[in-house]
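The values are calculated or read from the model by the stated rules, or taken from the named source; none is laboratory data. This one's a predicted model, so the numbers in the text were calculated from it and none came from an experiment. Backbone-built Cβ (ideal geometry, glycine too); neighbour counts: all protein chains shown. Side chains are part of the model used for accessible areas, which takes the heavy atoms of the whole protein and leaves out ligands, DNA and RNA. Shrake-Rupley method; radii C 1.70, N 1.55, O 1.52, S 1.80 Å.
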Amino acid sequence: MRFGIIGPCEDEIQPFICKLEDVTTAEHAMVKFHSGTYNGLDVVALFCGVCKVNAAIATQILINKYDVTHIIVTGVAGAIDASLAISDTIISSEIGYHDVADGILTNYHPWMESVYFKADQGLFDDILRANDGDDTVQPGKIVTGEAFIHQEGRDVIIDKHAPHCVDMETAAIAHVCYANDVPFVAIRSISDTPHESGSESFEKYFKQAAEKSIAVSCLYLDYLAKTGIQISHL
């Protein structure tokens, strides 16, 4: 069992990398991959860079060169659901693109039954279980696109997808995992909301949200190490 842990930006993953032991670092396609252990678990962690292509490149390298068995993306997201507050954390139940036309994934390769990628059920269930009692951690739908969302864009996304939050990488990572049959889940904490939106809110709360996402990820890995549970696809 080897986990690939991806953060889009350095601040979304570096605090986790600092927790690793016996670290070795190698660079592929301009991305640094940090291999080590966390609480006895085999982990490869990295920041992939913002947006879909960067995320997809890094994910395929994780699979091909590092033989990861499970992939988790950790980081921040913008809330679409108005009930979410800063640092609330969404565990992905399903993931889609908000900037890809209907039918691209269902009528063409990879001929999916739905436009949404499903998170691995075992990862999803156990992350929620590990964070049981924290009502700021909840399941939800995430959609991805390469644009900062303003109010007019928010309304279009709500009408089409009704997601909890939006980001710029998760669907691309889920897409690569789907094509490679690698279990995947996303852990995204809210850095801006419909009530506190824009670049000022993002900059103000980015670090706080990133640290929350890492904390939720670590609680899951600690839970896995402690219980020795058998997760799916092993």
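In table form, for the structure just shown:
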| read-out | value |
| --- | --- |
| Segment 4-156: antiparallel DSSP beta bridges as a percent of all, rounded to 5 | 45 percent |
| GNM flexibility winner over the chain from Ala174, Ala210, Ala26 (Cα, springs under 10 Å) | Ala26 |
| Met112 long-range amide H proximity, modeled H, under 5 Å | Thr106 |
| Summed residue charge, Cβ within 10 Å of Val44's Cβ, Lys/Arg positive, Asp/Glu negative | 0 |
| Student exercise, the chain dipole from Lys, Arg, Asp, Glu Cβ charges, in Debye to nearest 20 | 420 debye |
| Computed [θ] at 222 nm, helices only, for the chain once each DSSP H run of length n ≥ 4 contributes -39500 (n - 2.57) | -11000 deg cm²/dmol |
| With every protein chain in place, the chain: carbon and sulfur % of accessible area (1.4 Å) | 51 percent |
| Contact order relative to length of the chain, as percent, for alpha carbon pairs under 8 angstrom and 6 or more apart | 28 percent |
| Computed over segment 1-44: relative contact order in percent, which uses C-alpha pairs under 8 Å that are six or more apart | 43 percent |
| Antiparallel DSSP beta bridges within segment 92-234, as percent of all bridges there, nearest 5 | 20 percent |
| Long-range HN-HN contacts of Tyr97 with modeled amide H, under 5 Å | Thr144 |
| In order through segment 28-38: 3J(HN,Hα) via Karplus (6.51 cos²θ - 1.76 cosθ + 1.60), integer Hz, x for Gly, Pro | 9, 6, 6, 10, 8, 10, 10, 9, x, 10, 10 |
